[in-house]
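Take a look at the structure below.
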């Protein structure tokens, strides 16, 4: 067997990368540098509390469905270039949004969003997890769509105030949390395909439980190379609604086959990119007989996940196994599984945190992944415990900041 190190695998793909991914990565770094020209300020925040008749009953924490229940208040911030840019932020009762039929968001998908969570800790404090990374990613998405950027710290403060007002919606449970959805849309009443002169940033909240409705621990995946989620030079590394809408039909196809998620592939080599809306990790025995954790690189095809980054940073601190960011092909996965060298595969993201993979359906064959079976102490479980210990305040850590600290 040819012995291939992480570096040599990357060198073998130099030709492919040089004509697509690497060149895009260089352009991306220069083209999407964040420049904040104007911003709203937390000090200008106005609050209108919901009246008693506007308050909604809180759902049973044991029956929570992801994204089905919303809290009593929302944050709204308008941007109008003709009025000097960002207007004063306002917290209002939850309400419908009125848009002109010609609003750009309705015609050209000029829309982006973020996914964050607030956790009620064992000490009663409510914490948010690494919000600065969400703000950086949100601004980069805004630049890609020609939407206005803003000061991330000011939005974090506004969101913490919103969560504080609706704090009783944060579940008293370490199996649940409060999902935070900041959204930025173009609202120009114009059919011209151009940068927006008017925009609306709003934040809504919803208590959530488990993301996947499954009786088994491990999820099953459909890997069909005829479908592509993102491509070099596109916007797969930005959190835009237009990345997600086209995936729904493929997800339905997976469900019809009795599978739970889609493993997105790219290119002639069938590169693994993402799993559903998550980043993908593989834990395996490399050619030197070492345990190694590998995940696809940030090459423009995948979203730079906050959970992904946290897992890599935690793993480097542990220093218990090799870590590599490189491309993974389905051919490699097949070879490794046939040699019983794949130990685990799991997805990682804000909504699910960590989800183990049990099987992959690919071109008429089913690959069984022993993620939940090979060890009584699998890596995905260790990662999950470590992250949730931080998020719920069981372990003090600078990544999880009490919302009151932003007041």
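Need the failing condition index for residue 163 against (1) part of a helix (DSSP H, G or I); (2) farther than 21 Å from residue 205 by Cβ; (3) in contact with a strand residue (DSSP E or B) (Cβ under 6 Å, 6 or more places away or on another chain), just the number.
It is condition (2) that residue 163 fails.
Do you know which residues across the range 295-314 are touching a residue at least 60 places away in the same chain (Cβ under 8 Å) and not in a loop (DSSP other than H, G, I, E, B)?
Across the range 295-314, the qualifying residues are 306, 307, 309, 310, 311, 314.
Given the structure, is residue 386 surrounded by 15 or more Cβ atoms within 10 Å (Cβ to Cβ), touching a helix residue (DSSP H, G or I) at 6+ places or on another chain (Cβ under 8 Å), modelled with pLDDT of 95 or more and over 22 Å from residue 304 (Cα atoms)?
Values: surrounded by 15 or more Cβ atoms within 10 Å (Cβ to Cβ): yes; touching a helix residue (DSSP H, G or I) at 6+ places or on another chain (Cβ under 8 Å): yes; modelled with pLDDT of 95 or more: yes; over 22 Å from residue 304 (Cα atoms): no.
No.
Return the total of residues in the range 93-112 being more than 21 Å from residue 189 (Cα to Cα) and surrounded by 18 or more Cβ atoms within 10 Å (Cβ to Cβ).
So the answer is 0.
Kindly check whether there is at least one residue in the range 328-340 that is in a helix (DSSP H, G or I), in contact (Cβ under 8 Å) with a residue 40 or more places away in the chain, under 22 Å from residue 134 (Cα atoms) and touching a strand residue (DSSP E or B) at 6+ places or on another chain (Cβ under 9 Å).
For the range 328-340, residues in a helix (DSSP H, G or I), in contact (Cβ under 8 Å) with a residue 40 or more places away in the chain, under 22 Å from residue 134 (Cα atoms) and touching a strand residue (DSSP E or B) at 6+ places or on another chain (Cβ under 9 Å): absent.
Looking at (1) modelled with pLDDT of 95 or more; (2) more than 16 Å from the chain's Cα centre (by Cα); (3) more than 20 Å from residue 87 (Cα to Cα); (4) crowded, with 17+ Cβ neighbours inside 10 Å, find the lone condition where residue 129 falls short.
(2)
Residues 402, 370: which one is under 30 Å from residue 42 (Cβ atoms) and modelled with pLDDT of 95 or more? Before you say what the answer is, go through the steps one by one.
Details: 370 fails: under 30 Å from residue 42 (Cβ atoms).
It is 402.
This table checks each residue for (1) under 22 Å from the mean Cα position of the chain (by Cα); (2) touching a residue at least 60 places away in the same chain (Cβ under 8 Å); (3) crowded, with 20+ Cβ neighbours inside 10 Å.
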residue: 164; (1), (2), (3): no, yes, no
residue: 168; (1), (2), (3): no, yes, no
residue: 179; (1), (2), (3): yes, yes, yes
residue: 189; (1), (2), (3): no, yes, no
residue: 194; (1), (2), (3): no, no, no
residue: 198; (1), (2), (3): no, yes, yes
residue: 207; (1), (2), (3): yes, yes, yes
residue: 221; (1), (2), (3): yes, yes, yes
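So which of 43, 8 is out of contact with any strand residue (DSSP E or B) (no Cβ under 8 Å at 6 or more places or on another chain), modelled with pLDDT of 90 or more and either part of a helix (DSSP H, G or I) or closer than 30 Å to residue 196 by Cα (or both)?
Details: 8 fails: modelled with pLDDT of 90 or more.
Residue meeting the stated conditions: 43.
So is residue 385 more than 29 Å from residue 160 (Cα to Cα) and under 22 Å from the mean Cα position of the chain (by Cα) or not? Give the derivation first.
Values: more than 29 Å from residue 160 (Cα to Cα): no; under 22 Å from the mean Cα position of the chain (by Cα): yes.
So residue 385 does not fit the description; no.
Here's the yes/no breakdown for (1) assigned by TED's automatic domain parsing to the domain that holds residue 262; (2) under 22 Å from residue 283 (Cβ atoms):
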{"position": "353", "(1), (2)": "yes, yes"}
{"position": "356", "(1), (2)": "yes, yes"}
{"position": "360", "(1), (2)": "yes, yes"}
{"position": "370", "(1), (2)": "yes, yes"}
{"position": "379", "(1), (2)": "no, yes"}
{"position": "382", "(1), (2)": "no, yes"}
{"position": "385", "(1), (2)": "no, yes"}
{"position": "388", "(1), (2)": "no, yes"}
{"position": "400", "(1), (2)": "no, no"}
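Evaluate the range 173-184: report whether one residue or more is in a loop (DSSP other than H, G, I, E, B) and at pLDDT 95 or above.
First, pick out the residues of the range 173-184 that are in a loop (DSSP other than H, G, I, E, B): 173-176.
Retained after the next criterion (residues that are at pLDDT 95 or above): none.
No, every residue in the range 173-184 fails to be in a loop (DSSP other than H, G, I, E, B) and at pLDDT 95 or above.
Residues in the range 388-399 that are in contact (Cβ under 8 Å) with a residue 24 or more places away in the chain and either over 17 Å from residue 174 (Cβ atoms) or under 20 Å from the mean Cα position of the chain (by Cα) (or both): how many? First the steps, then the outcome.
Taking the range 388-399 as the starting set, the residues that turn out to be in contact (Cβ under 8 Å) with a residue 24 or more places away in the chain are 388, 390-394, 399.
With either over 17 Å from residue 174 (Cβ atoms) or under 20 Å from the mean Cα position of the chain (by Cα) (or both) added as a condition, the list becomes 388, 390-392, 399.
Residues in the range 388-399 being in contact (Cβ under 8 Å) with a residue 24 or more places away in the chain and either over 17 Å from residue 174 (Cβ atoms) or under 20 Å from the mean Cα position of the chain (by Cα) (or both): 5 in total.
Here are some residues: 148, 52, 59. Which one is in contact (Cβ under 8 Å) with a residue 40 or more places away in the chain and surrounded by fewer than 20 Cβ atoms within 10 Å (Cβ to Cβ)? Show your work before the answer.
Working: 148 fails: surrounded by fewer than 20 Cβ atoms within 10 Å (Cβ to Cβ); 52 fails: in contact (Cβ under 8 Å) with a residue 40 or more places away in the chain.
Exactly one residue qualifies, and that residue is 59.
The values are calculated or read from the model by the stated rules, or taken from the named source; none is laboratory data. Predicted model, so just to flag it, every value in this text is computed and none were measured. So basically every Cβ, Gly included, is an ideal-geometry build from the backbone, and we count neighbours across all protein chains shown.
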